[in-house]
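Heads up, the thing below is written out as structure tokens.
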Amino acid sequence: MKFSEMPYTRPDLEKIREESAKTLERIRSAATAEEQIEAYLAYEEAQKELSTAFSLAYVRHTIDTRDEFYEKESDYIDEISPAIQELDQKIDTALLESRFRPQLEERFGTLLFKNLDISVRCMKPEIMELMQEENKLTSEYQRLYASAMVEWEGETLPLTKLGPFLQSPDRAVRKAACETRGRWFDEHQAELDQLYDRLVKNRDAQGRAMGYRNYIPLGYDRLGRNSWGPGECAAFREQIARDMVPLVARVKEDQARRIGVDEMKFYDDPLMFPDGNAEPQGTPDDILAAGRKMYHELSGETKEFIDFLYDGELLDVLSKEGKAPGGYCTDFPLYQAPFIFSNFNGTAGDVNVLTHEAGHAFAFYRAARKGYLSSLMNPTMEGCETHSMSMEFLTAPWHELFFGPATRKYEIGHCESSLIFIPYGCMVDEFQHIMYEQPELTPGQRNEVWLKLEKKYRPWIDFDNLPFYSRGALWQQQMHIYMNPFYYIDYCMAQTMAFQFWLASLENREEAWEKYLAFVDQGGTRTFEELVTGAGMKLPYAAGCIREIGEKISRWIDGNPL
């Protein structure tokens, strides 16, 4: 079924309550394990319908945030989500407490119950109002960001359309675009400060109500982390600061020489080459056509997938007024269909959508056809991001379809920008840990923390006294900090995995693809640690992992000059 044909019906909370109560009673009164299994499988089918409705409302709202109908539906779903989560938790608890648990574990696997145990730690009725408020605050932030319009050279543009100017070969244009972007955030400083302050205090209150010292353990549980915690995360960040930051500093020195500046300024950061970064050739339709050809040739599995995606209208990638910023991949379980959302802006990022987000979509497409339970469809977030970031590199033999003679430039820029990203991502993560360890910080103190972390993770950055950036507020443009606490480090861990798959592909492309496909095809039936070791790779936070990856990439950079 095509996306435009998918019907949306508002979920009826009272009906959901009635059906949930019936399922709960079936599980509790079951005389055999088989009866409980049948009840849970029926519940799983109902969840697909509900999840599909939620996704449809979300996608259609973000495609046009001015659409009043879907704005109301989005608000309604924000309101009822905590109540539905409470109903789900009762069913999860009934399974965990089942007298037939050994038989259930034999049927569904022990990981399901480990995940359910984490899930039931995520809420209790006492925090429902706080969760509803949190949903409203994140939606308010998203609407504010989506409404962002700026004046640029006599035109009024969505903030997202500044992308090409931020990467202009003309230094004055880059600086002006950077100032224009920062000006919007400065003009909305009070709103942004207040929204984040309310979010931090709200989440802190949730954590304390759940019996924790702060929000951090609850935040980890809500990401479903089942094989590592804050200790491993901190060890990973320290490896990055010790072993990768010096490599990135060297990359930034090379960049400065390439673009011909004596001192790198913040607005020079996005420009990788003096004549401009590699840009995709042709129109958006040309880029999409090249994407289809790429996946037709990559493998039989990806050919089937990309035809399903395109023929089903399962992507919306053009930037337009009223469209929410950013990009994501979601899914409609009822139709076993993924969906890609993005904002093309004429940069290489447009191609990354067809590799990164398509990596997510491909993984869901494969897992959805293997009959996994919905709760075992996806691994934890760092595993999901491994799907997407690895696809960016495993499609390298086809990048020429998008970039033509600029392909080499793109490959070098992609490798270097991926390296550069990891310290930034770790900075975002450490910033969030500090914010939730010290929820009483003022907006000014939060900015001071950010500037201190800049020196640790990006010592080469010079903000050149630009107002928004030099006061330490740059973090406010990172949507994850407001909307998805502690998620960002998953990108960093996944990037180290993507580098490992890429380096393996340089030695044997077919073998690397088979390892990747095996990683993807297990969905969420294994923990991240099991997926990594099963693929013969190193855990990102294992001692020496970052140093080894860095040395190999450094040799590749030295051996592949432009």
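The values are calculated or read from the model by the stated rules, or taken from the named source; none is laboratory data. Source: prediction; values computed, not measured. Neighbour counts run over all protein chains shown; Cβ positions are idealised from the backbone, glycine included. Keep in mind that these areas ignore ligands, DNA and RNA; they rest on the heavy atoms of the full protein, side chains included. Shrake-Rupley method; radii C 1.70, N 1.55, O 1.52, S 1.80 Å.
Please report, as a whole percent, how much of the solvent-accessible surface of the chain comes from carbon and sulfur atoms (probe radius 1.4 Å).
Accessible surface attributable to carbon and sulfur in the chain totals 49 percent.
What full-extension length gain, to one decimal in nm, is calculated for Asp67 and Arg213 as 0.36 nm per residue of separation minus the Cα-Cα distance?
Stretched fully, the Asp67-Arg213 segment lengthens by 48.5 nm.
May I ask you to derive the relative contact order of the chain, considering only C-alpha pairs under 8 Å and at least 6 residues apart, and to give it as an integer percent?
Worked out over the chain, it gives 18 percent.
If you take every DSSP beta bridge fully contained in segment 247-391, what fraction is antiparallel? Give it as a percent rounded to 5.
Taking every DSSP beta bridge within segment 247-391, about 60 percent pair in antiparallel fashion.
Go ahead and run the numbers for FRET between Leu517 and Lys201, Cβ-Cβ distance against an R0 of 51 Å, rounding to 0.05.
0.70
Starting from the alpha-carbon convex hull of segment 146-300, give the projected area averaged over all orientations, in nm².
15.2 nm²
Quick check on segment 133-192: take the gyration tensor over C-alpha atoms, sort the square-rooted eigenvalues as a ≥ b ≥ c, and tell me if it's rounded (a/c under 1.5), prolate or oblate.
Prolate.
Compute the separation of the alpha-carbon centres of segment 131-157 and segment 158-187 and state it in Å as a whole number.
Each part reduced to its Cα centre gives a spacing of 17 Å.
Would you work out if segment 268-405 is rounded, prolate or oblate? Take a ≥ b ≥ c from the square roots of the eigenvalues of the alpha-carbon gyration tensor; rounded if a/c is under 1.5, else prolate when a/b is larger than b/c, oblate otherwise.
Prolate.
Using a 1.4 angstrom probe on the protein heavy atoms only, could you order Ile259, Ile340 from most to least accessible area?
Ranked list, largest accessible area first: Ile259, Ile340.
Relative to the longest principal Cα axis of the chain, at what angle does helix 110-120 sit, 0 to 90 degrees, rounded to 10?
Once rounded, one gets 90 degrees.
How far is it, in nm, from the label point at Lys370 to the one at Glu530 when both lie 7 Å from their Cα along the line to the Cβ?
So the label points at Lys370 and Glu530 sit 1.1 nm apart.
With each pseudo-label sitting 7 Å past Cα toward Cβ, what's the Gln336-Glu437 distance in nm, one decimal?
The modelled label-to-label distance comes out at 4.7 nm.
Sorted by packing (mean other beta-carbon atoms within 10 Å per residue), highest first, where do 396-408, 414-426, 433-445 land?
Packing order, densest peptide first, comes out as 414-426, 396-408, 433-445.
So which of Lys293/Lys409; Lys72/Lys161; Lys136/Lys175; Lys2/Lys161; Lys2/Lys303 end up more than 23 Å apart by C-alpha?
Where the Cα-Cα span goes over 23 Å, the pairs concerned are Lys72/Lys161; Lys136/Lys175; Lys2/Lys161.
Using just the helices of the chain, give the 222 nm mean residue ellipticity in deg cm²/dmol: DSSP H runs with n ≥ 4 each add -39,500 (n - 2.57), and the total is spread over all residues, rounded to 500.
Using -39500 (n - 2.57) per qualifying helix, the result is -20500 deg cm²/dmol.
Between rounded, prolate and oblate, where does segment 215-337 land on the alpha carbon gyration tensor, with a ≥ b ≥ c its root eigenvalues, rounded for a/c under 1.5, else prolate if a/b exceeds b/c?
oblate
Just to be sure I understand the model, the point goes 7 Å from the Cα along the line to the Cβ. What's the resulting Ser29 to Glu105 distance in nm?
Reported label-point gap for Ser29 and Glu105 is 2.9 nm.
Could you tell me the center-to-center distance, by alpha carbons, between segment 444-489 and segment 1-53 in angstrom?
Between the Cα centres of segment 444-489 and segment 1-53 lies a distance of 43 Å.
Would you pull out the residues with amide H under 5 Å of Val317's amide H, same chain only if 5 or more places away, H placed 1.01 Å from N?
The list, which skips near neighbours in sequence, is Ser342.
Report relative contact order for segment 240-347 in percent, whole number only (criteria: Cα-Cα under 8 Å, sequence separation at least 6).
Relative contact order here is 18 percent.
In bins 10 Å wide, starting from 0, what share of all Cα pairs of segment 480-562 does each bin hold, as a percent?
For segment 480-562, the pair-distance distribution reads 15, 43, 31, 10, 0.
Using only the Cα atoms of the chain, each taken as one equal point scatterer with no solvent, compute I(q) by the Debye sum, divide by I(0), and report log10 of the ratio at q = 0.08, 0.09, 0.10, 0.11 Å⁻¹.
Normalising to I(0) and taking log10 leaves -0.54, -0.69, -0.88, -1.09.
What does the highest-first list of 348-358, 471-481 look like by mean Cβ count within 10 Å?
348-358, 471-481
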